[in-house]
1. Run LEU47 past the list (1) among the aliphatic types (A, V, I, L, M); (2) surrounded by 12 or more Cβ atoms within 10 Å (Cβ to Cβ); (3) part of a helix (DSSP H, G or I) and report the number of the one that doesn't hold.
2. Pairs please, first residue from segment 19-45 and farther than 20 Å from LEU5 by Cβ, second anywhere and surrounded by 11 or more Cβ atoms within 10 Å (Cβ to Cβ), Cβ atoms under 7 Å, 6+ apart in sequence or on different chains.
3. Got at least one residue in segment 12-24 being at pLDDT below 90, assigned to a loop (DSSP other than H, G, I, E, B), surrounded by 10 or more Cβ atoms within 10 Å (Cβ to Cβ) and of a type in the set (Val, Ile, Thr)?
4. If you take the residues in segment 59-69 that are open to solvent by 70 Å² or more (accessible area, probe 1.4 Å) and in a helix (DSSP H, G or I), which one is modelled with the lowest pLDDT?
5. For segment 28-43, give me each residue that is within 22 Å of SER11 (Cα to Cα) and not aliphatic (A, V, I, L, M).
Amino acid sequence: MNWFLLTVGYSGTSPKAPGTVGSAVSLLLALPILTYFDTTTLFLAALLATIAGYKLVNAYEASGGIHDNK
């Protein structure tokens with residue numbers, strides 16, 4: 001489950017341009033939030049995702065995961 005969240009639904013494991021694919025998927029996830037809610041909600045969701053991602057990455061690295069294999 002952690003790897004699913006860290007890679008935005010495994011989109012960050014794309015063989016070509018994983019950062020770009022992950023960003024595109026994140027944009028697609030943000031569009032419904034902007035459609036139905038205010039921009040403040042998107043900002044707070046992004047802030048929450050950043051904090052949660054930071055904690056998940058630290059836990060992954062502490063368990064023996066690699067930081068960046070490239």
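1. (2)
2. LEU34/LEU42
3. No, that holds for no residue.
4. Filtering segment 59-69 for residues that are open to solvent by 70 Å² or more (accessible area, probe 1.4 Å) and in a helix (DSSP H, G or I), the one modelled with the lowest pLDDT comes out as TYR60.
5. Passing the criteria: PRO32, PHE43.
The values are calculated or read from the model by the stated rules, or taken from the named source; none is laboratory data. The structure displayed is predicted, hence computed values, not measured ones. As a convention, Cβ positions derive from the backbone with ideal geometry for all residues, glycine included, and neighbour counts pool all protein chains shown. For accessibility, only protein heavy atoms count, side chains too; no ligands or nucleic acids. Shrake-Rupley method; radii C 1.70, N 1.55, O 1.52, S 1.80 Å.
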